[in-house]
Amino acid sequence: MTTENPGLVESNLFNRDVIHEIQRAAREGIYGIRGWGSKRYLPHFDDLVFLGASMSRYPLEGYRERCDTDVVIGDRYATKPLHLKIPITIAGMSFGALSAQAKEALGRGATAAGTSTTTGDGGMTPEERESSTLLVYQVLPSRYGMNPDDLRKADAIEVVLGQGAKPGGGGLLLGMKMNERVADMRDLPAAIDQRSACRHPDWTGPDDLEIKIRELRELTDWEKPVYIKIGASRTYYDTALAVKAGADVIVLDGMQGGTGATQTVFIEHVGIPTLPALRQAVEALTELDMHRKVQLIVSGGIRSGADVAKALAMGADAVSIGTAALIALGDNSPEFDEEYRKLGSRAGYYDDYQAGSDPAGISTQDAVLASRLDPVVGGRRLANYLRTITMETQIIARACGKSHVLNLEPEDLCALSVEAAAMAGVPLAGTSWIPGKSES
Amino acid sequence: MEQVFDLATIPLRELNQALHDCLPDASKSVWRIINPKGEHAVACGVDTPADIEIRGHVGYYCAGMNKQAHVIIHGNAGTGVAENMMSGTVRVKGNASQSAGATGHGGLLVIEGNVAARCGISLKGLNIVVCGSVGHMSGFMAQKGTLIVCGDAGYALGDSIYEADIFLKGKVDELGADCMEKNMTEEHLTFLATLLETAEVTDDPASFRRYGSARSLYNFEIDDADAHT
């Protein structure tokens with residue numbers, strides 16, 4: 001490999017990043033921990049494009065004709081399903097990983113845009129309940145802050161089995177973020193390195209989960225939709241088992257999904273990307289005749305209306321965003337570049353959510369830093385972003401001749417690479433070839 | 001006046017709805033449930049000062065998330081009895097399956113027989129008294145509260161325990177990671193005696209040993225890495 005200094009050849013196997021990590025591990029004696037999600041290249045929605053309307057399809061007028069975006073979530077069994085104005089929700093992120101101001105801002109933004117937000121591994125804060133018209137309450141293995149009052153205050157319940165950034169792993173909140181309030185909500189000593197359980201304490205398989213879900217329904221008088229969240233790995237079977245366990249909604253988080261803190265090795269090497277996971281989940285639902293009956297919410301790398309539209313076209317009923325929502329609030333803003341550099345990072349690169357020293361005041365429990373984020377301003381930014389990507393989704397849907405964004409379909413898509421074609425189950429552009437499905 | 005629900009003829013939903021319709025500040029009510037026949041989620045989510053007597057065996061999650069109510073199960077209980085209970089008392093006259101009292105925040109759970117694995121897992125303030133023995137990994141990641149075992153304990157007792165206390169009268173197969181025997185002070189003896197008396201258990205507090213966290217896993221140190229495995 002030739003560099004700017006001919007004769008100096010960098011190893012592809014032991015490149016400078018690898019050498020840096022080996023040296024760091026030797027010096028510190030602990031695995032790397034960071035936030036964000038996978039940073040390496042993975043086949044994604046960028047590898048798909050839409051086939052806009054032409055001779056055989058009739059487009060809708062871009063600025064005039066109606067293209068609806070509303071979606072009903074959780075009407076399989078629940079008597080009070082969620083009615084969302086847009087098919088984009090805010091993913092579960094804990095108070096603890098995020099500041100109370102950030103949680104409130106997420107609630108404000110979601111509410112303004114007509115969608116739901118979600119609690120996280122640490123219970124429900126009064127700020128987020130008050131600011132969120134529609135709030136999904138997570139039931140996690142740790143059960144931190146779990147109580148029946150908050151369960152009843154919630155609009156939906158999400159049983160979390162896994163997360164795309166770490167399927168098979170539990171949560172992590174390092175001591176610097178375990179202040180008195182966070183620790184008190186979790187019934188733990190302050191300043192410890194909190195490692196959440198990865199298995200639920202009171203059920204051990206899909207048959208048990210079915211009974212657990214029935215208990216949650218009994219506890220809440222069968223009113224609230226029950227979601228099951230899975231990290232993308234054995235997605236086809238997990239989806240089928242979630243249906244069998246009685247889920248109203250399946251939340252599927254791909255490998256690109258973000259995290260507040262996880263081992264780097266976990267983030268980059270466990271799980272499968274969103275693209276193939278989504279296809280497998282839709283296949284399982286379709287085979288069970290449950291597609292559109294059990295709603296599918298997909299997360300893991302959703303950034304734009306194009307991503308939303310592609311996810312919906314592949315069969316999702318809605319998407320969920322986490323990392324993008326934090327960026328909309330102000331995460332990685334150039335405004336804080338000087339401070340990011342003091343922390344050894346830069347605006348656009350910052351992923352030390354675990355450290356609690358976030359200059360943007362989002363992934364921190366430091367009162368001074370957290371006060372930098374005005375929840376009203378942050379909420380406004382998030383609402384702007386959500387409305388923007390919703391409009392982008394509509395632009396694409398209209399171009400494909402759809403009067404509702406949920407009318408987008410796989411036939412509207414083709415792939416730019418063989419890998420993406422195989423993973424998404426759509427033809428390679430310019431061909432009718434779907435690797436693994438058709439011969440040519 | 002006592003209300004009788006026969007689960008052989010009345011759906012569980014009707015029973016639980018009737019219990020949920022009682023307000024938290026209502027005056028005390030009395031309930032008798034017959035023919036549960038292993039039904040799951042019996043009397044879960046109650047938040048009212050009720051006396052609830054269940055005649056027969058129950059399935060999973062009986063009295064789950066209980067608040068205020070005093071529940072007596074005249075039989076055995078399945079997985080997760082009184083899971084995440086907040087207050088009140090739950091008494092099982094027979095044996096209980098795994099995860100009894102899991103993640104419980106408050107109140108008192110008494111099991112007169114034996115309990116299977118993971119009793120008091122992720123405990124968050126509930127006090128549990130087991131008259132018999134408990135299975136493996138009991139008190140796993142227990143954060144607050146107390147687990148009293150008058151019999152023996154299976155392997156990995158108190159694995160990764162935080163600030164909960166375990167009092168054990170019999171023998172333990174093996175302590176879990178970061179769990180150690182601790183001093184039994186006068187204060188602990190008094191607390192134990194009070195709890196045993198409240199649970200109507202006559203065992204001598206002085207015959208118990210106390211276990212809790214060695215706190216060596218609270219913050220990661222590379223030299224403690226072996227203890228994490």
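Annotations
- Here B:Glu200 meets the list (1) out of contact with any strand residue (DSSP E or B) (no Cβ under 7 Å at 6 or more places or on another chain); (2) within 26 Å of A:Ala197 (Cβ to Cβ); (3) touching a residue at least 60 places away in the same chain (Cβ under 8 Å) almost entirely, failing just condition (2).
Per-residue answers, yes or no, for (1) crowded, with 24+ Cβ neighbours inside 10 Å; (2) among the aliphatic types (A, V, I, L, M); (3) more than 10 Å from chain A (Cβ to nearest Cβ); (4) within 22 Å of B:Leu23 (Cβ to Cβ):
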position: B:Ala63; (1), (2), (3), (4): yes, yes, yes, yes
position: B:Asn66; (1), (2), (3), (4): yes, no, no, yes
position: B:Glu83; (1), (2), (3), (4): yes, no, no, no
position: B:Met86; (1), (2), (3), (4): no, yes, no, yes
position: B:Lys93; (1), (2), (3), (4): no, no, yes, no
position: B:Gly107; (1), (2), (3), (4): yes, no, yes, yes
position: B:Gly120; (1), (2), (3), (4): yes, no, no, no
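- Once the range B:146-164 is narrowed to residues that are in a strand (DSSP E or B) and surrounded by fewer than 24 Cβ atoms within 10 Å (Cβ to Cβ), the residue that is nearest to the chain's Cα centre (by Cα) is B:Thr146.
- Residue match in the range A:90-112 (condition: under 27 Å from A:Tyr237 (Cβ atoms) and either of a type in the set (S, T, N, Q) or more than 15 Å from the chain's Cα centre (by Cα) (or both)): no
- Of the numbered criteria (1) within 14 Å of chain A (Cβ to nearest Cβ); (2) in contact with a strand residue (DSSP E or B) (Cβ under 8 Å, 6 or more places away or on another chain); (3) not aliphatic (A, V, I, L, M), the one B:Ser99 fails is (2).
- Here B:Met141 fulfils each of the conditions (1) in a loop (DSSP other than H, G, I, E, B); (2) over 17 Å from the mean Cα position of the chain (by Cα) apart from (2).
- Which numbered condition B:Tyr155 fails, given (1) of a type in the set (Ser, Thr, Tyr); (2) within 14 Å of chain A (Cβ to nearest Cβ); (3) closer than 30 Å to A:Tyr31 by Cα: (2)
- Within the range A:218-243, considering residues that are under 16 Å from A:Gly300 (Cα atoms) and among the polar types (S, T, N, Q), the one surrounded by the most Cβ atoms within 10 Å (Cβ to Cβ): A:Thr235
- Search result, residues across the range B:1-22 that are exposed (fewer than 12 other Cβ atoms within 10 Å of the Cβ), away from every other protein chain (no Cβ under 13 Å) and modelled with pLDDT of 95 or more: B:Ala8, B:Thr9
- Residue in the range A:263-274 that is in a helix (DSSP H, G or I), crowded, with 24+ Cβ neighbours inside 10 Å and either of a type in the set (S, T, N, Q) or over 17 Å from the mean Cα position of the chain (by Cα) (or both) present: yes
- Scanning the range B:92-114 for residues that are under 19 Å from B:Leu157 (Cβ atoms) and outside any strand (DSSP E or B) turns up B:Asn95, B:Ser97, B:Gln98, B:Ser99, B:Ala100, B:Gly101, B:Ala102, B:Thr103, B:Gly104, B:Gly113, B:Asn114.
The values are calculated or read from the model by the stated rules, or taken from the named source; none is laboratory data. Note that this is a predicted model, so its numbers are computed, not measured. Cβ: placed from backbone, ideal geometry, glycine included. Neighbour counts: every protein chain shown.
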